[in-house]
2 protein chains.
Amino acid sequence: MAEWQRTHTCGELRDSHVGQTVTLNGWVLISRKFGNQVFVDLRDRYGLTQIVFEADNAELFATADKMGREWVLSVTGVVRARVAGKDRTDVATGRIEVEAKALTVLNACPPLPFSVTEFPDEEPANEDLRLQYRYLDLRRRSIQGVLTLRHRMNKAIRDYMDERGFLELETPLLGKSTPEGARDYLVPSRVFNGEFFALPQSPQLYKQLLMISGYDKYFQIARCLRDEDLRADRQPEFTQLDVEMSFVEIDNVLGLMEGLAADMLQKCHGITVPTPFPRLKYADAVLRYGSDKPDLRFGLEIVDVSDIAAESEFTVFKSVLAAGGVVRGINAKGAADRFSNSQLKPGGELPKLVEVYKAKGLAWMKAEGDKLTGSIEKFFPDAVKAKLKEKLGVQPGDLLLFVADKAELTANALGALRSHLGSALKLYVNWWEEKAAWDATEGAAAKKEKRAAKPFAMRPEHFNLLWVTDFPMFGWDDEEKRWAAIHHPFTGPMDEDVPFLESDPGKVRAKAYDLVLNGYEVGGGSIRIHRQDVQNTVFKLLGMELDEAKKRFGFLLDALQSGAPPHGGIALGLDRWCMILAGTTNIRDVIAFPKNQKARDLMTGAPAAVDARQLRDLGVKLS
Amino acid sequence: MAEWQRTHTCGELRDSHVGQTVTLNGWVLISRKFGNQVFVDLRDRYGLTQIVFEADNAELFATADKMGREWVLSVTGVVRARVAGKDRTDVATGRIEVEAKALTVLNACPPLPFSVTEFPDEEPANEDLRLQYRYLDLRRRSIQGVLTLRHRMNKAIRDYMDERGFLELETPLLGKSTPEGARDYLVPSRVFNGEFFALPQSPQLYKQLLMISGYDKYFQIARCLRDEDLRADRQPEFTQLDVEMSFVEIDNVLGLMEGLAADMLQKCHGITVPTPFPRLKYADAVLRYGSDKPDLRFGLEIVDVSDIAAESEFTVFKSVLAAGGVVRGINAKGAADRFSNSQLKPGGELPKLVEVYKAKGLAWMKAEGDKLTGSIEKFFPDAVKAKLKEKLGVQPGDLLLFVADKAELTANALGALRSHLGSALKLYVNWWEEKAAWDATEGAAAKKEKRAAKPFAMRPEHFNLLWVTDFPMFGWDDEEKRWAAIHHPFTGPMDEDVPFLESDPGKVRAKAYDLVLNGYEVGGGSIRIHRQDVQNTVFKLLGMELDEAKKRFGFLLDALQSGAPPHGGIALGLDRWCMILAGTTNIRDVIAFPKNQKARDLMTGAPAAVDARQLRDLGVKLS
């Protein structure tokens, strides 16, 4: 062992080490001189330890005095108790310090483009700068925490799946392009000029083939890629837990995943969530929450009041109903005072939300005492008002909001409105907001009084999990004038709906299911088609001629008639899971080296121009 | 649960289940009718169970009678003991059978292009056909065993690394092309037309950056890709265990990996290999074994006899020595009778091997009794012969083989000769050859006598592990007229050799190490350069101007002066590890969906032509 190598980490020393000679390696978090002492907080992944350089060790003292933040040191010294009253309660090593006896500067460091210390009074630098110097950004304690959490999450998943007999099997990155759904990333072939591999959007076909091969229980934490325009919570490459099982029905897959989700939350955050998770049919989810991934941390259910609206004299409602539309509303409990009448006018905070969905307007009433007020109240006779109050459970102080339009548009508009209200009215609490508030009060008080604070307690209700099931199998594509798969073309139909495949495709429900966590879709899967005849029918329905289907998916069709067992599975979006578990809404926070929103890596500069020779070898040129 | 779903797997039923009603799901391995009974061996991943269809259940019997191999069934029936004397000892369910009471055909199956049963008398189909129908090939019990082993190996690795505080962190697939070493696979960018991502040849730069970011202990089971011409044990995409640690020296990395390798062998095969592993300096390995990845399951050391040859009258030896060459030999113990004089003539079995390396010839002597015989013996006076016999430890029956040439050529030629002799003389035994022989004798006898055979015992000596260290840092590239990195340009020089970096680069040894298993390089790594000035010097030595270096690796150079700790790591080739652990020499056996030797996927047909629209979006066209 080289003499500069550490005997302990920077998070390890306690009272019991007092008197021992130790060597620590780490980075200078901060350094400050008080009279004849220089204090250095030495940091590594495991914690930080205070190092004291005494002036009577002149050479060391001089070096220590000139060191700046982020220098890399090896310090050998003696552990001693801190001076009475100087203990720190916010770090585990807070009762000791190390008096330096020897120092090796392993690397100096000039001033950096931004600070990585994350002191409470330091704003993080802007994201572009942090992405350019990602290796510095990754030093921040909060990001180290997130990536450590991600490791623990992945480990928990692998342990869980392994314990249940699942085999983690690797599937290829270099596959075949199947232009369907999202865009493929293509890879030119040097050996076969003019031909291309495609990077996988998911291991879907491979995992089905593995079932046909008899592997019975497969999983993989798999990298997938989609060349799509990015949104806040999307990246060109992403990681999913990919699962497939043979001889199963819906309940088997859901039960397995409920156990896994509960295990992840237990291992990552020490909380117990109840299982099984509620199941909501797609049609109900859309009707009651205006979304196929509703956030059920709060209520604010959407209520269909078409029957009551029909009894009103409000012509807008009546003409919508006459045209086959619906009138639906939300009772924003106690929110009458929260939104002024002017905020409810066209272009105001709430109407703006529904206008995005092309709703023609947001009608509203307020419950003042026993009365309903607002501009449309006059169109509602008292008896109709009474019915409305009863159906919506109206109490004084409530705000009633209505949208009248075609069913789908109404659902989308009210769904967006509901989400906004949930957050605006603080009907639920993100655990990280709660924790930040807790840190600022309980944590701060503990620090002030030099006492250890009880750790922040997360609660099961911070994580709301549910299934959405009974999706329609096909949606009508108005542009292409044909049916399109709502999930993917390998999704199986409900047994009792198979007869409708040819007669009434819109009526067929899929054996598909989505897992929803706090309003995010965090998983989705299905029982697959395992019979070639059914798969052919579906391809045909989707406008794919048999020749075309054979060209693209011939190997799958062949495999389906080579002894394919019933099978199904699911994929969980692990970036999104980690994002929610870590308490962030920025997907880039949970990825070590992310791309920016334009799919460029600001650190390496990728993508970049390449040598002409490379392109020549590949048989391509720029157009 | 659907009524067809299994209550047990096909490997689960024992005596204790007799009398129970069970449901099994699986594939028909074989089906045979004897009088009024149809016997079906039903197979799944977990084993096989004999199902009996009795003629008195007429409907079932009729269906069972027409079923062929690989049909997928659900069978409900009653477990019963087999007729006395009909127990099978080669399967765990061999004492019971299931009398069928109900049958659901989950999928029929036409005759397949080849058999997947692996009966001893069935030759496997040719590999191209098997790759085309890979989903059938994967049903073979032997391949299922290999992929299960691979899962266990990966799980063992992850458990080991996690227990030691290593974080598994994911690095990008879409990176920057750094045309150095092997060819990159390129990925055109739709957003930035004319620019390309590159798929990673390894996460080398990212893992170094993670050390600079303070992650301290990183690992990843990572997919890597190289667009190189393939050899028998290479694939375009491969999987490596990638490891990096901070504040370490060589011994730390080697110690960690010795523990891991021992753990893998213990968990995969239940054998204990001794640690630490022997270490061999590169120069010694080349001198004594003619290889930087010597197989030390056997001896046959190469001995330098230049000093003795100088005393001979053999002009060939003397002129080589005069020109600065060497004379080295191998004593093939007891092999004088194994190789006839004609096999030792130019073009014979052994001379052919050294001719590949452009050795001018293979000189030989045989020890017959006390005498040395052969065509060159006459050039050796008795006293010189005596010295030769002593140095080579000659005994009656030995065969002495000599090459005289430049040192490097001699080493390569004798290294190849040594490998061939090791296998030709059966100086070591592959455990799988030993196991096959054991199966044919002990296993067969057990089967015949209907007794359980003791399982085959693997032994530590089946797996020979060693380190090769002290590699030279640079080799002179005669074509490019410049120094080239033997490992990669981020490898650190030995501290004591740093002064030679500028004065005598050929003398600098690298802090690099390779792990060798049974003559295969199964791992390689180094302590890295952690100082920007040293890295710049190395880039310059490699002929890279500072501008060029900054353009390619600017982010690394910046990072090296932003507080980089000393760090180092290693990568293990897991495909190769699995290949050796599984007892195969075909890398495609350990990959679920491999490419063929031309880098084509015969099952999906990838790579393939793509739509013109796709290329237009990417801003490329075919040339």
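Roughly how big is the protein assembly as shown's charge dipole about its Cα centre, with Cβ charges of +1 (Lys, Arg) and -1 (Asp, Glu), in debye to the nearest 20?
Details: 166 positive and 176 negative charges, 60 e Å.
That gives the protein assembly as shown a dipole magnitude of about 280 debye.
List the pair-distance distribution P(r) of the protein assembly as shown, using every Cα-Cα distance, as the percent of pairs falling in each 10 Å bin from 0 up to the bin containing the longest distance, rounded to whole percents.
P(r) over the protein assembly as shown, rounded to whole percents: 2, 8, 14, 18, 18, 16, 13, 7, 3, 1, 1, 0, 0.
Take chain A, drop everything but the C-alpha atoms, weight them equally and run the Debye formula without solvent; then report log10 I(q)/I(0) at 0.08 Å⁻¹ to two decimals.
Listed by q, the Debye log ratios stand at -0.79.
For the stretch B:500-588, take every pair of Cα atoms, bin their distances at 10 Å starting from 0, and report each bin as a whole percent.
14, 32, 28, 19, 7
Using a label point 7 Å beyond Cα on the Cα-Cβ vector, give me the inter-copy distances for A:P381 in nanometres, one decimal, shortest first.
Label-point distances to the other copies, shortest first: 13.7 nm.
Assuming 0.890 mPa s and 25 °C, estimate D for the stretch B:298-428 with Stokes-Einstein, Rh taken as the Kirkwood radius over Cα pairs, in µm²/s.
For these conditions, the coefficient is 170 µm²/s.
Given contacts defined as C-alpha pairs under 8 Å and at least six residues apart, what's the relative contact order of the stretch A:1-134, whole-number percent? Walk me through the intermediate numbers first.
Values: 274 pairs, mean separation 33.4, N = 134.
That works out to 25 percent.
Hey, which of these cross-link pairs are over 18 Å Cα-Cα: B:K371/B:K391; B:K33/B:K450; A:K318/A:K385; B:K318/B:K378; A:K176/B:K598?
Check vs 18 Å cut-off fails for B:K33/B:K450.
Over the stretch A:475-579, what relative contact order in percent results from Cα pairs under 8 Å that are six or more residues apart?
Numbers: 133 pairs, mean separation 28.0, N = 105.
Answer for the stretch A:475-579 is 27 percent.
Of the trypsin sites (Lys or Arg not before Pro) in the stretch B:188-238, which ones lie in a loop per DSSP and count no more than 14 other C-beta atoms within 10 Å?
B:R231
Counting other C-beta atoms within 10 Å, which of A:I250, A:I330 has the fewest, and how do the rest follow?
A:I250, A:I330
Taking the label point 7 Å from Cα in the Cβ direction, how far apart in nm is A:G165 from each other copy of itself, listed shortest first?
Label-point distances to the other copies, shortest first: 3.9 nm.
With the contact rule set at Cα under 8 Å and sequence spacing of 6 or more, what percent relative contact order holds for the stretch A:42-200?
Computed over the stretch A:42-200, the figure is 16 percent.
For the stretch B:93-214, I need the span (max minus min coordinate) of the C-alpha atoms along each principal axis, in Å, sorted largest to smallest.
Over the stretch B:93-214, Cα extents along the principal axes are 65, 42, 31 Å.
Using the Cα centre of the stretch A:298-428 as origin and beta-carbon charges of +1 (Lys, Arg) and -1 (Asp, Glu), tell me which of A:A416, A:P396, A:F379 is placed farthest towards the positive end of the dipole.
Towards the positive end, the residue furthest out is A:A416.
Across peptide A:134-142, what mean number of C-beta atoms from other chains lies inside 10 Å of a residue's C-beta?
Details: counts 5, 16, 8, 1, 7, 6, 2, 1, 0.
Neighbouring Cβ atoms belonging to other protein chains average 5 per residue here.
So what is the 222 nm mean residue ellipticity for the protein assembly as shown from helices alone, if each DSSP H run of at least 4 adds -39500 (n - 2.57) and you divide by all residues, rounding to the nearest 500 deg cm²/dmol? Intermediate results must be reported in sequence, preceding the final value.
Numbers: 38 runs with 370 residues, N = 1246.
Estimated from H runs of four or more residues: -8500 deg cm²/dmol.
Just need log10 I(q)/I(0) for the stretch A:15-107 at q = 0.12, 0.15, 0.19 Å⁻¹, Debye formula, equal scatterers on the alpha-carbon atoms, no solvent, rounded to two decimals.
After summing over all Cα pairs, the log10 values are -0.31, -0.50, -0.83.
In nm, what does the list of distances from B:W432 to its counterparts in the other copies look like, shortest first, when each label sits 7 Å along Cα to Cβ?
B:W432 label point versus its equivalents elsewhere: 4.8 nm.
Since every read-out is calculated from the coordinates, none of them should be taken as a lab result. Note that this is a predicted model, so its numbers are computed, not measured. All Cβ positions, even for glycine, are placed from backbone atoms using ideal geometry, and neighbour counts span all protein chains on display.
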